[in-house]
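*Asks:* Okay, here's the structure, questions in a sec.
The values are calculated or read from the model by the stated rules, or taken from the named source; none is laboratory data. Since we're looking at a predicted model, the values are computed, not measured. Positions of Cβ are backbone-derived with ideal geometry, glycine not excepted, and every protein chain shown enters the neighbour counts. Heads up: the accessible areas ignore ligands, DNA and RNA and are worked out on the full protein's heavy atoms, side chains in. Shrake-Rupley method; radii C 1.70, N 1.55, O 1.52, S 1.80 Å.
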Amino acid sequence: MSRIAIIGGHGKVGLKLAPLLIAQGHSVSAVIRNPDQTQDVESAGAQALIADVEKLDKAGIAEALGGHDAVVWSAGAGGGSPERTWSVDRDAAIRTIDAAQDAKAQRFVMVSYFGAGKDHGVPEDNDFYAYAESKAQADEHLRGTNLDWTILGPSALTDDAGTGKIEMGDGVEGGQVSRDDVAQVAAAVLDNPETKGKFLEFNNGDTPIAEALKAS
């Protein structure tokens with residue numbers, strides 16, 4: 001059993017992920033900044049951990065992550081101002097990556113997006129630029145650490161019911177994937193050491209998640 005912290009524990013993916021991890025026998029801390037969200041995350045089976053990673057420094061985040069074996073970053077500014085996107089999706093993410101190392105939370109799963117990377121190609125005058133560039137920098141920072149990392153690249157997210165099946169691999173282009181299935185993939189990679197050091201882009205598809213990950 002591992003103790004896992006979900007950053008963004010009240011997000012749509014985080015709330016779906018917590019019960020999956022608990023069913024696998026893990027202990028889950030849902031990291032939230034608003035105490036009013038406590039009941040929601042506890043209803044999902046997680047323990048609420050109040051910590052605003054946007055405002056905490058690295059030492060404060062490391063203190064919150066103490067005693068955890070793994071971290072799932074599933075937080076985001078959710079659009080809005082570019083300033084907040086830089087603050088959360090880049091700066092807070094990078095501080096959390098560094099804090100995880102200090103806290104010896106060795107396993108780190110980053111929820112990014114399909115097509116993320118330094119060559120994302122989004123022009124600076126595009127509304128999506130701040131997010132694309134923030135994720136590129138945070139993902140690249142994670143790759144440069146000694147953490148056991150996996151970066152997930154789900155395509156456009158939907159609220160459709162999960163199928164437990166995805167497509168991934170060479171030649172696959174971005175499509176869409178349900179948040180249910182993103183949570184299932186995150187739960188699967190945490191217990192799969194073969195996914196360490198990989199960037200996994202995926203859509204909904206026809207291959208069971210465990211089988212797709214084995215072939216990745």
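*Asks:* In the range 38-69, how many are within 24 Å of Pro19 (Cα to Cα) and open to solvent by 50 Å² or more (accessible area, probe 1.4 Å)?
*Replies:* Result for the range 38-69: 8.
*Asks:* List, please: which pairs have Cβ atoms under 9 Å, are six or more places apart or on different chains, and start with a residue in the range 141-164 that is of a type in the set (Lys, Arg) and end with one that is part of a strand (DSSP E or B) and open to solvent by 50 Å² or more (accessible area, probe 1.4 Å)?
*Replies:* Sorted first by the residue in the range 141-164, then by its partner, the pairs are Arg143/Phe199.
*Asks:* Something else about it: I'm trying to understand the selection: among the residues of the range 1-25, which are without any contact (Cβ under 8 Å) to a residue 60 or more places away in the chain and open to solvent by 10 Å² or more (accessible area, probe 1.4 Å)?
*Replies:* The answer is Met1, His10, Leu15, Pro19, Ile22, Ala23, Gly25.
*Asks:* Which residues, taken from the range 165-183, are crowded, with 23+ Cβ neighbours inside 10 Å and not β-branched (Val, Ile, Thr)?
*Replies:* Asp181, Ala183
*Asks:* Considering the range 120-151 alone, what residues qualify as being within 15 Å of Lys198 (Cα to Cα) and either modelled with pLDDT under 95 or of a type in the set (Val, Ile, Thr) (or both)?
*Replies:* Once the filter is applied, which keeps residues that are within 15 Å of Lys198 (Cα to Cα) and either modelled with pLDDT under 95 or of a type in the set (Val, Ile, Thr) (or both), the range 120-151 yields Thr145, Thr150, Ile151.
*Asks:* Moving to a separate point now. Sort out which residues of the range 79-102 are closer than 23 Å to Ala188 by Cα and either open to solvent by 20 Å² or more (accessible area, probe 1.4 Å) or at pLDDT below 95 (or both), and write them in order of number.
*Replies:* If we filter the range 79-102 for residues that are closer than 23 Å to Ala188 by Cα, which is where we start, we get 93, 96-97, 100-101.
Hit for the range 79-102 is Gln101, nothing else.
*Asks:* Scan the range 108-119 and give yes if some residue there is at pLDDT 95 or above and open to solvent by 60 Å² or more (accessible area, probe 1.4 Å), otherwise no.
*Replies:* No, because not a single residue in the range 108-119 is at pLDDT 95 or above and open to solvent by 60 Å² or more (accessible area, probe 1.4 Å).
*Asks:* Follow-up. Scan the range 185-196 and tell me whether some residue there is part of a strand (DSSP E or B) and touching a strand residue (DSSP E or B) at 6+ places or on another chain (Cβ under 7 Å).
*Replies:* Applying the first criterion (part of a strand (DSSP E or B)) to the range 185-196 yields none.
No, there is no match, as no residue in the range 185-196 is part of a strand (DSSP E or B) and touching a strand residue (DSSP E or B) at 6+ places or on another chain (Cβ under 7 Å).
*Asks:* For the range 182-203, give me each residue that is of a type in the set (Gly, Ala, Ser) and within 23 Å of Pro19 (Cβ to Cβ).
*Replies:* Taking the range 182-203 first, the residues of a type in the set (Gly, Ala, Ser) are 183, 186-188, 197.
Residues satisfying the conditions are Ala183, Ala186, Ala187, Ala188.
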